[in-house]
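Here is the structure we will look at.
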Amino acid sequence: MSCRRHRRALMAFARQVGEPEGIGRARAHLDICAACRRWLDEQQAMTAALRALATASRDEQPSEALESDLMAAFHAEATARAAAGEPVAARPVAWLRWWPAAAAVVLAVGALAWWQIAGGSVSNERASVDSAVGIPECLEFAPLPLAFTLPAFERGEIVRTQIAVAALPVYGIAIPPDPVAPAVTVDLLVGQDGHPRAIRLVTSESQDSRSRR
Amino acid sequence: MFRFALHMSGSPALAEDVTQDVFLAVMRCADRYQVSRSTVVAWLCGIARNHVRRRLDEERPFQPLDSLGESERREPNVESDPLGDLERAEGIARLRRLVLALPVRYREAVVLCDLQELSYEDAAAAMRCRVGTVRSRLHRGRELLAVKLGRDRREEKLAVDGARCAI
């Protein structure tokens, strides 16, 4: 009975998961119990063996076909949802509560930096995010599908690029009727890990307003 | 996700199917995730666990741990390769087979906690049970592995000693 009482702390000790509760008494028990010493040795060896298996397993990767199959399945799902007028991806409401604030902070910081680089005065006038980057003229940032599975947003940058119109559903945007060009210009909100979190379309009006500043 | 499914099933094809199913399920049901109930990793592992269990129930189950002795016993190589890498690779392969042979309820505890390195809390969320249940299943799973590994080593030693005597 006494041995069983200490095995929980000894198991956590063997697994090296921090300083478990009761480990002091368990260590004292080891001084007088050879069976528990043997048991602990076995479990410590088991920990080492399982970690070796875990390390060796890190080289195991799925086939390249999995990623392409998955992207094709995503695209098919997104296209079907867009055609049915449904949201491209179900988004958890709780996640949406914090990201607009984070995105607004990043936009404000990015806008101020842009304003300084462009020679604008920051100290004598109140820097307005809206007037600096023309947000009212652009569509707002929308979270990318599955971006909520990424680590919490800490800092980032806005990256402007072009993507094919046909790929818009993958980014959670419905293909506009009668697109005038095969590609559109977008801004991607890229996080500290290099992964994009959100996207917005850049209209020609907003591009002109920036060039005039 | 792929490695979790691979550790649970031993089948790369099944693991890829499960991985795809998990992310499609996430795309369709992301609004069901509640940050107050679990971390994202635990939630994903829980989805993967359900898919793996369903596939394992549909396909031929693995042999129970005790019956591994006959089919898995190999003739010891008395002229064994002295290279440590080979021995380690054999040991890892043996442990992988033993993990696959554990009853599913113990296997998922070992895979989640020791191979995927989830906390007890995350593993409990993925397994939809209490932390105490995770601890006891992990405890039992590791004891079964230790007993089997110890038995294999003793049997190999006896076989090697016997072969040397014959020579």
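The values are calculated or read from the model by the stated rules, or taken from the named source; none is laboratory data. Because the structure is a prediction, the values reported are computed rather than measured. Cβ atoms come from the backbone with ideal geometry, glycine included; neighbour counts cover every protein chain shown.
Here residue A:61 does not qualify as among the polar types (S, T, N, Q) and more than 8 Å from every other protein chain (Cβ to nearest Cβ). Within the range A:49-58, being exposed (fewer than 12 other Cβ atoms within 10 Å of the Cβ) and either assigned to a helix (DSSP H, G or I) or facing chain B (nearest Cβ under 7 Å) (or both) holds for one residue alone: A:55.
Quick check: anything in the range A:154-166 surrounded by fewer than 15 Cβ atoms within 10 Å (Cβ to Cβ), of a type in the set (A, V, I, L, M) and at pLDDT 85 or above? Looking for residues that are surrounded by fewer than 15 Cβ atoms within 10 Å (Cβ to Cβ), of a type in the set (A, V, I, L, M) and at pLDDT 85 or above, one finds at least one in the range A:154-166, hence yes. Evaluation of residue A:20 against the conditions (1) over 30 Å from residue B:2 (Cβ atoms); (2) surrounded by fewer than 15 Cβ atoms within 10 Å (Cβ to Cβ); (3) touching a residue at least 12 places away in the same chain (Cβ under 8 Å) shows that the sole unmet condition is (2).
Taken over the range B:1-29, the criterion of being within 7 Å of chain A (Cβ to nearest Cβ) and over 15 Å from residue B:100 (Cβ atoms) is satisfied by B:2, B:16, B:19, B:20, B:23, B:24, B:26, B:27, B:28, B:29.
Would a scan of the range A:149-157 turn up a residue that is touching a residue at least 60 places away in the same chain (Cβ under 8 Å) and either touching a strand residue (DSSP E or B) at 6+ places or on another chain (Cβ under 8 Å) or assigned to a loop (DSSP other than H, G, I, E, B) (or both)? No: the range A:149-157 contains no residue that is touching a residue at least 60 places away in the same chain (Cβ under 8 Å) and either touching a strand residue (DSSP E or B) at 6+ places or on another chain (Cβ under 8 Å) or assigned to a loop (DSSP other than H, G, I, E, B) (or both).
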